[in-house]
Amino acid sequence: MAHLNGHSVDNPPKEKPRTHLTDVGERELYFKGLEIYERDGFCSTCHQRDGKGLTASGFPPLAGTKWVLGNEDRLIKLALKGLMGPIEVLGKQYPGQVPMTPYEGLLSDEEMAAVLTYVRNSFGNVASAITPEKVKSVRALTDSKSGFYSPEELLKQHPHEDIVQ
């Protein structure tokens, strides 16, 4: 059947994920974000396709976390500049010895908005979309910062808030 449908037996066609986002622009961002998330060497490499991370390797989950679902500025800063240092995610400590890649030089404002919108609305997450304009403004605010953010530094600027899903 796979051959007749033009698919490899080893590589069945991927089912397009569903999203609760109804705005056409937000849906476009979401699906563009999925493509970016799954690129080799990007998000899914460490956080996995299911967003559950690789706990044994020190890569935290993205599903249901305040880091993803909370303050947009904090998440954008983290993705732009990267993150290094001990972090607590969903009650578990991660040593943070392997830094999160800073994507500011790898992704445009639209691409960054797309992948963050995807992450905030996948793996059971439900949150607002992030706009390219929001990424652009945060990028401008952080332009003079060099080096990685630490979790402590980001939480000082943007403390965790209660998340209601």
Discussion item. I need every pair where a residue in the range 51-62 that is modelled with pLDDT of 95 or more has its Cβ under 7 Å from the Cβ of a residue that is of a type in the set (D, E, K, R) and in a loop (DSSP other than H, G, I, E, B), sequence separation at least 6 or different chains.
Written reply: P61/K52
Worksheet, complete the sentence: Those residues of the range 88-120 that are part of a helix (DSSP H, G or I) and out of contact with any helix residue (DSSP H, G or I) (no Cβ under 7 Å at 6 or more places or on another chain) come to a total of 0
Item to complete: Say whether the condition of being surrounded by 19 or more Cβ atoms within 10 Å (Cβ to Cβ) and in contact (Cβ under 8 Å) with a residue 60 or more places away in the chain is met by at least one residue in the range 94-101.
Response: no
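Quickly run through the range 71-115 and pick out the residues that are of a type in the set (K, R) and closer than 20 Å to V138 by Cβ.
So the first thing to find is which residues in the range 71-115 are of a type in the set (K, R), and the list is 74, 77, 81, 92.
Scanning the range 71-115 gives R74, K77, K81.
Output the number of residues of the range 137-147 satisfying the condition of being at negative phi, part of a loop (DSSP other than H, G, I, E, B) and loosely packed, with under 13 Cβ neighbours inside 10 Å.
Restricting attention to the range 137-147, the residues satisfying the condition of being at negative phi are 137-146.
Still in the list and also part of a loop (DSSP other than H, G, I, E, B): 142-146.
Add one more test, that the residue is loosely packed, with under 13 Cβ neighbours inside 10 Å, and what stays is 143-144, 146.
Residues meeting the conditions: 3.
Go through the range 123-136 residue by residue and tally those that are among the small types (G, A, S), in contact with a helix residue (DSSP H, G or I) (Cβ under 9 Å, 6 or more places away or on another chain) and surrounded by fewer than 17 Cβ atoms within 10 Å (Cβ to Cβ). Break it down stepwise before answering.
Applying the first criterion (among the small types (G, A, S)) to the range 123-136 yields 124, 127-129.
Pick out the ones that are also in contact with a helix residue (DSSP H, G or I) (Cβ under 9 Å, 6 or more places away or on another chain) and you get 127-129.
Those still in the list that are surrounded by fewer than 17 Cβ atoms within 10 Å (Cβ to Cβ) too: 128.
Residues flagged as among the small types (G, A, S), in contact with a helix residue (DSSP H, G or I) (Cβ under 9 Å, 6 or more places away or on another chain) and surrounded by fewer than 17 Cβ atoms within 10 Å (Cβ to Cβ) within the range 123-136 amount to 1.
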Worksheet item: How many residues are under 24 Å from V89 (Cβ atoms) and either touching a helix residue (DSSP H, G or I) at 6+ places or on another chain (Cβ under 6 Å) or surrounded by 15 or more Cβ atoms within 10 Å (Cβ to Cβ) (or both) when one looks only at the range 24-44?
Response: 9
Worksheet item: Of all residues in the range 102-122, how many are crowded, with 24+ Cβ neighbours inside 10 Å and either more than 15 Å from L62 (Cα to Cα) or free of Cβ contacts under 8 Å to residues at least 40 places away in the same chain (or both)?
Response: 3
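The values are calculated or read from the model by the stated rules, or taken from the named source; none is laboratory data. Owing to the predicted nature of the structure, the values given are computational and were not obtained by experimental measurement. Here Cβ is always computed from backbone atoms with ideal geometry, including for glycine, and neighbour counts include all displayed protein chains.
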